[in-house]
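K.L.:
The structure is given below, and queries will be raised subsequently.
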């Protein structure tokens with residue numbers, strides 16, 4: 001192959017579209033490998049009650065407008081159907097399920113992509129594996145002693161699973177807030193974050209989003225692990241969030257000191273406003289994700305700062321590798337632009 005694309009979410013499909021426009025044929029000039037059993041990227045795994053009204057950053061793929069769906073339609077159904085129709089319309093012939101095990105440099109101008117379904121060789125790689133496969137679980141003293149349930153955002157399915165419980169929700173992002181508002185009517189909740197949440201009453205217009213992407217890009221250019229785009233924008237103060245603040249559901253407490261068998265405990269210095277101890281049935285970690293890049297480890301792309309230095313989407317230490325869905329393109333705000341840029345960079349380098 002000229003190019004292997006790893007991942008068929010928003011960024012991967014955008015890259016495949018532009019590879020076709022550049023004259024490469026699916027299956028002969030390039031191949032898209034995806035580890036899911038069906039189309040949809042991470043959207044197919046979102047919780048059942050996440051509606052199109054609540055879903056953030058749903059952008060059209062190039063050449064095919066996103067469907068007009070009812071606000072209360074489940075995003076986990078609408079978006080995967082859209083992605084599947086897109087793959088069919090442009091004949092992208094995504095290979096799935098295929099899990100990439102490793103990518104190594106076997107010659108000066110050739111990369112070897114080993115998978116559980118065979119091996120591909122290519123002159124270029126567009127990596128679009130996103131973050132869903134790597135949920136982040138922070139380490140806290142006593143976590144292994146907790147007798148209740150510990151779940152991550154990616155494990156969440158429905159509020160009814162927590163009926164009658166006390167749930168401690170950890171995390172200061174959009175997912176934490178959405179889950180708190182959904183769980184609160186059926187369970188008691190406690191919200192804890194490391195930092196005071198930042199609610200923004202301003203308009204989240206295109207200029208605001210572009211500024212957030214630029215801040216994340218500055219980190220990747222410096223070789224630092226990327227901050228998420230969502231973290232850079234803050235929390236929009238919607239009417240639902242405002243009601244949550246007024247009713248006390250979104251009353252934030254500082255991070256607990258340790259986890260104990262029946263709940264969580266704060267240090268004496270944190271009291272008040274936190275209680276000294278809070279009993280809990282479930283701890284729900286809404287603590288985000290990290291880029292799924294373990295298969296790229298043989299290429300030694302990370303710098304001393306722990307991140308991967310990028311020039312746009314191009315990895316500076318190995319320009320054959322393009323990262324989309326990483327850093328400034330880790331949301332649909334930047335995914336389309338990144339897919340197009342990755343193909344342009346490889347065309348200039350490889351001459352196809």
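K.L.:
Multiplying the sequence separation of residue 38 and residue 350 by 0.36 nm and subtracting their Cα-Cα distance, what value in nm do you get?
P.N.:
Length gained between residue 38 and residue 350: 109.2 nm.
K.L.:
Here is a follow-up. Of the peptides 247-256, 43-52, how do they stack up when ordered by the mean number of other Cβ atoms within 10 Å, highest first?
P.N.:
43-52, 247-256
K.L.:
Also, I was wondering about something else. Compute the Kirkwood hydrodynamic radius of segment 96-165, taking the inverse of the mean of 1/r over all pairs of distinct Cα atoms, and give it in Å to one decimal.
P.N.:
For segment 96-165, the Kirkwood estimate is 16.4 Å.
K.L.:
Over segment 26-69, what portion of Cα pair distances is larger than 17 Å, expressed as a whole percent?
P.N.:
The answer is 52 percent, as a whole percent.
K.L.:
Given the C-alpha centroids of segment 35-55 and segment 66-142, what is the distance between them in whole angstrom?
P.N.:
So the separation of the two Cα centres works out to 14 Å.
K.L.:
Calculate the FRET efficiency for residue 28 and residue 66 from the Cβ-Cβ distance with a Förster distance of 25 Å, rounded to the nearest 0.05.
P.N.:
For residue 28 and residue 66, the calculated efficiency is 0.25.
K.L.:
Run the simple label-point estimate for residue 102 and residue 267 please: 7 Å along Cα→C-beta, distance reported in nm.
P.N.:
My value for the distance between the label points is 4.3 nm.
K.L.:
Quickly rank 29-36, 311-318 as a protection proxy: mean count of other C-beta atoms within 10 Å, highest first.
P.N.:
Answer by packing, highest mean first, reads 29-36, 311-318.
K.L.:
In addition: Under a crude label model (7 Å from the Cα following the beta-carbon direction), how far is residue 73 from residue 93 in nanometres?
P.N.:
Here the answer is 3.0 nm between the modelled labels.
K.L.:
Additional query: Looking at the calculated P(r) for segment 46-161, what percent of the C-alpha pair distances fall above 21 Å?
P.N.:
That fraction is 61 percent.
K.L.:
Report the antiparallel proportion of the DSSP beta bridges in the chain as a percent, rounded to a multiple of 5.
P.N.:
Given both bridge residues lie in the chain, the antiparallel proportion sits at roughly 45 percent.
K.L.:
Against the longest alpha carbon principal axis of the chain, how many degrees, from 0 to 90 and to the nearest 10, is the axis of helix 75-89 turned?
P.N.:
0
K.L.:
Let me ask another. Scan (i) 19.5; (ii) 17.0; (iii) 18.3 for the value of mean projected area of the Cα convex hull in nm² calculated from this model and give just the label.
P.N.:
(iii)
Where a number appears in this text, it was derived from the coordinates with a stated rule and is not lab data. Keep in mind the model is a prediction, meaning the values are calculated, not measured. Here Cβ is always computed from backbone atoms with ideal geometry, including for glycine, and neighbour counts include all displayed protein chains.
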